[in-house]
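Below is one structure, written out as structure tokens; comments come after it.
Read-outs: derived from the displayed coordinates by stated rules, not from any lab. Every value quoted in this text rests on a predicted model; they were computed, and no experiment measured them. We place every Cβ from the backbone using ideal geometry, glycine too, and count neighbours over all the protein chains shown.
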Amino acid sequence: MNATDHRRMTSASRKAAFPRKIWLLGSALALAGAISGTAAADPVEDFYKGKNLQVLVGVSAGGAYDLQMRLVARYITKYIPGHPVAVPQNMTGATGLVMANYLYRVAPKDGTTMGLIQNGLPTFQAVGKEGAQFDARKFEWIGSIDQTVETIIVWKSTGVKTIEDARKKEIIIGSIGSSGITYMYPVMLNEMVGTKFKMVTGYPGSGALNLAMQRGEVEGRNNSWGSIKANNPDWIANKDIFVLTFSGKRPGDLDGIPDLNDLITSAQDRQVAQIVTAGDRVGHPFAVAPGVPADRVAALRTAFTAMLKDPDFIRDATAVQIDIDPVDPQQLKKVVDDLFAVPDALKQRARKYFDQ
């Protein structure tokens with residue numbers, strides 16, 4: 001074989017080998033693509049696909065907590081990867097304590113159970129009350145739609161229209177149990193502001209308490225302003241009630257109503273009142289238990305934030321008089337952590353309102 005023939009054969013071999021190299025390169029790229037596709041698969045989406053998301057609230061139907069729980073359940077799964085099916089549920093008992101204990105100790109720690117925590121429960125634990133089988137500092141907070149404005153309202157038949165009137169006349173105030181804000185708030189006013197509220201306890205929920213007030217069994221109650229606007233707007237329109245005082249971020253439609261802080265003259269009493277009403281600053285907070293994988297917690301938080309911008313969600317919230325004023329997870333954690341950092345002497349003073 002001469003040199004020319006050798007060069008021809010070598011060239012032919014190279015040409016024959018070229019398609020094989022292309023094939024091998026294509027196979028390698030396809031394999032890399034398959035591996036990349038597997039790596040890019042969303043484990044959160046894979047987890048939630050075909051599952052239920054249990055959304056709990058610790059009180060009965062008829063109040064702001066139940067309303068917000070159901071509104072969130074209706075919309076949040078639209079933004080959770082895998083789109084689980086939301087299952088709203090009322091788990092009543094001890095003004096939300098039963099549900100909070102269940103969420104922390106019993107519920108699956110996998111992101112399939114989320115609860116709307118009664119906003120007074122972190123304070124309940126911080127002041128050392130028995131019965132809290134959770135550590136509020138360890139909940140994974142998801143978010144809150146709004147901050148809470150707590151009020152004291154009285155029915156028009158009492159003839160009481162101002163806090164000054166309530167200092168002169170005894171008024172029967174109804175409450176849900178003796179450990180929640182519906183009891184603590186008016187009792188605190190009696191001691192710090194000089195009102196003459198007589199407490200009647202044992203109503204199972206906000207709806208029953210509202211009905212009792214309309215029937216004349218009780219003459220007033222503590223309630224959040226948002227709940228009144230959402231569930232009983234006719235009371236406001238018909239001037240069936242008078243708002244005596246409020247705490248929290250002042251809403252525009254309560255101009256002229258005295259802030260609780262303005263009524264309490266003692267600086268130390270105001271500090272104690274800030275502990276008792278700390279729930280105002282967290283509003284209606286949703287949480288999952290500690291131990292839920294971090295990527296699922298992050299997905300729930302992202303979904304909650306996206307939900308708040310959904311036009312349909314905004315429309316439905318507006319229709320029931322919910323003012324969207326979100327509290328993010330970092331703010332929720334700070335309020336809770338700050339509660340536990342309060343000096344023990346002040347926490348012990350606040351505790352007496354939980355010891356009734």
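Observations, loosely collected:
- Separation of the Lys196 and Asp110 label points, Cα + 7 Å toward Cβ, nm: 6.0 nm
- Taking the average, over residues, of other Cβ atoms within 10 Å as the packing measure, peptides 341-348, 202-209 rank 202-209, 341-348 from highest down.
- Taken over the alpha carbons of the stretch 187-331 as equal point scatterers, the Debye sum produces base-10 log I(q)/I(0) values at 0.09, 0.13, 0.17, 0.20 Å⁻¹ of -0.39, -0.80, -1.20, -1.38.
- Annotation: extensible slack from Asn238 through Asp337 equals 31.5 nm (criterion: 0.36 nm per residue apart, minus Cα-Cα distance).
- Peptide packing for 216-229, 155-168 was compared via the average number of neighbouring C-beta atoms within 10 Å per residue; ordered from the highest value, the list is 216-229, 155-168.
- Note that the stretch 140-157 has calculated 3J(HN,Hα) couplings of 8, 6, 9, x, 9, 5, 8, 8, 9, 10, 8, 10, 10, 10, 10, 6, 4, 5 Hz, one per residue in order, obtained from phi through the Karplus relation 6.51 cos²θ - 1.76 cosθ + 1.60 (θ = phi - 60°); glycine and proline are x.
- Within a Gaussian network of the chain (alpha carbon springs, distance under 10 Å), most fluctuating of Ala298, Ala317, Ala289: Ala298
- Amide H contacts for Ile171 (H built 1.01 Å from N in the peptide plane; partners 5 or more residues away or on another chain; cut-off under 5 Å): Lys196, Phe197, Lys198.
- Each Cα pair under 8 Å and six or more residues apart adds its separation to the average, and for the stretch 150-279 the resulting relative contact order is 34 percent.
- Length-normalised contact order for the chain - Cα pairs under 8 Å, 6+ apart - percent: 25 percent
- Here the scattering of the chain is modelled by Debye summation over its C-alpha atoms, one equal scatterer each and no solvent; at q = 0.08, 0.10, 0.11, 0.16 Å⁻¹ the log10 of I(q)/I(0) is -0.45, -0.64, -0.75, -1.41.
- For the pair the stretch 145-215 / the stretch 312-356, the C-alpha centres are spaced 20 Å from each other.
- Dividing the summed -39500 (n - 2.57) terms of all DSSP H runs of n ≥ 4 by the residue count of the chain sets its mean residue ellipticity at 222 nm at -14500 deg cm²/dmol.
- For the stretch 63-133, the alpha-carbon radius of gyration amounts to 1.21 times the rule-of-thumb value 2.2 N^0.38 Å expected for a compact globular protein.
- Two-site FRET efficiency, Thr162 against Lys51, from Cβ-Cβ distance with R₀ of 56 Å, rounded to 0.05: 0.60
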